[in-house]
1. Given q = 0.12, 0.13, 0.16 Å⁻¹, what are the Debye log10 I(q)/I(0) values for chain B, with equal point scatterers placed on the Cα positions and solvent ignored?
2. Starting from the 7 Å offset along Cα-to-Cβ, what nm value, one decimal, do you get for the label separation of B:Glu28 and A:Leu41?
3. Using the eigenvalues of the Cα gyration tensor, what equivalent ellipsoid semi-axes result for segment A:19-72 when each is taken as the square root of five times the eigenvalue, whole Å, largest first?
4. In Å and on Cα atoms, what radius of gyration and Dmax does the protein assembly as shown show?
5. For segment A:78-129, take the convex hull of the Cα atoms, compute a quarter of its surface area, and give me that in nm², please.
6. For peptide A:48-61, compute the average count of partner chain beta-carbon atoms within 10 Å of each residue's beta-carbon.
7. Are there any trypsin sites (Lys or Arg not before Pro) in segment A:1-58 that are in a DSSP loop and have at most 12 other Cβ atoms within 10 Å? List them by number.
8. On a C-alpha basis, how far is the centre of segment B:1-74 from the centre of segment B:77-108 in Å? Whole number, if you could?
Protein chains: 2
Amino acid sequence: MVKKYYSITELTREFGVSTRTLRFYEDEGLIQPERRGRTRLFRPADRALIQEILRGRRIGFTIAEIREIIQVYKEPPGEIGQLKLLMKRVDEKRDELRQKRKDIEDTLAELDNVEEACLTRLAEIGVGT
Amino acid sequence: MVKKYYSITELTREFGVSTRTLRFYEDEGLIQPERRGRTRLFRPADRALIQEILRGRRIGFTIAEIREIIQVYKEPPGEIGQLKLLMKRVDEKRDELRQKRKDIEDTLAELDNVEEACLTRLAEIGVGT
DNA sequence: AGATCGATTTACGTAAAAGTCAATTTTTGC
DNA sequence: GCAAAAATTGACTTTTACGTAAATCGATCT
């Protein structure tokens, strides 16, 4: 059986974030762990959601953007105008991400150059001394 | 012949940034445009550098990180310890970027799902009304 | 010269995403 | 059932990357 509950510190250790961060995400409405008294009890679903949030964070999504995506899963908007607007936004986000992916590939290539420059320099110095 | 100089507003229009941003980059030592009196004159090399800076920015590099990469091109550090440290950092950055690229691919796939959810919902509503 | 219009400088302000600190409260280990 | 450890809350602070406002400068047109 999968674990029923995770404590907050358990998750902070697993994901390398602080308790403050997880509480902040709760305040922002991204997660809603259960409570026993005041203590938060994180279910596997909460844990999975945190993973997604952190992934979004790594690629530069704002909290608001992440919240919006989560919302769509919970319940897609009921109004046609809203839906179309959302789809346009999703499309724009995809373009942005494709651009970002290209930026990353270009930068990876550039870092290869930086490394080479370093190796060259190292050889120069190594030889000279 | 390539243009000799660009004005600051010319570049802000081309890249969609404010003059404040370009001056900020100069204050931070990322670019050093020429001067005629107090007015900045941007050469093609400055323009190219700005492109790189903005690319770095898009993928989430901090100003400090961008400055560091630029530095290496201008003159790789002369001390072995420094060089090795830098190479380690470059290696870490590359890992980070590869992770980010994976995050982006996962998120692109997820956005496909979001779009599908929207289409489904649209069909439901469209039929119902 | 005067007017105008962009560019500069200086200083202060701001927003997002947490970090930090201090004062409780809860839970637990025994 | 009580002390120690863990968790919570609220307020305040920090950092990054600019935005904004006000005053000044400088070039150019007429």
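1. Evaluating at q = 0.12, 0.13, 0.16 Å⁻¹ gives log10 I(q)/I(0) of -0.68, -0.74, -0.92.
2. Result for the modelled spin labels: 4.6 nm.
3. They are 20, 11, 10 Å, listed largest first.
4. When restricted to the Cα atoms of the protein assembly as shown, Rg and Dmax are 23.6, 82 Å.
5. 4.3
6. Per residue, the average neighbour count from other chains is 3.
7. Answer by residue number: A:Lys3, A:Lys4, A:Arg38.
8. Rounded to whole Å, the Cα centres lie 23 Å apart.
Each value in this text was obtained by applying a stated rule to the coordinates, not by laboratory testing. The structure displayed is predicted, hence computed values, not measured ones. Neighbour counts run over all protein chains shown; Cβ positions are idealised from the backbone, glycine included.
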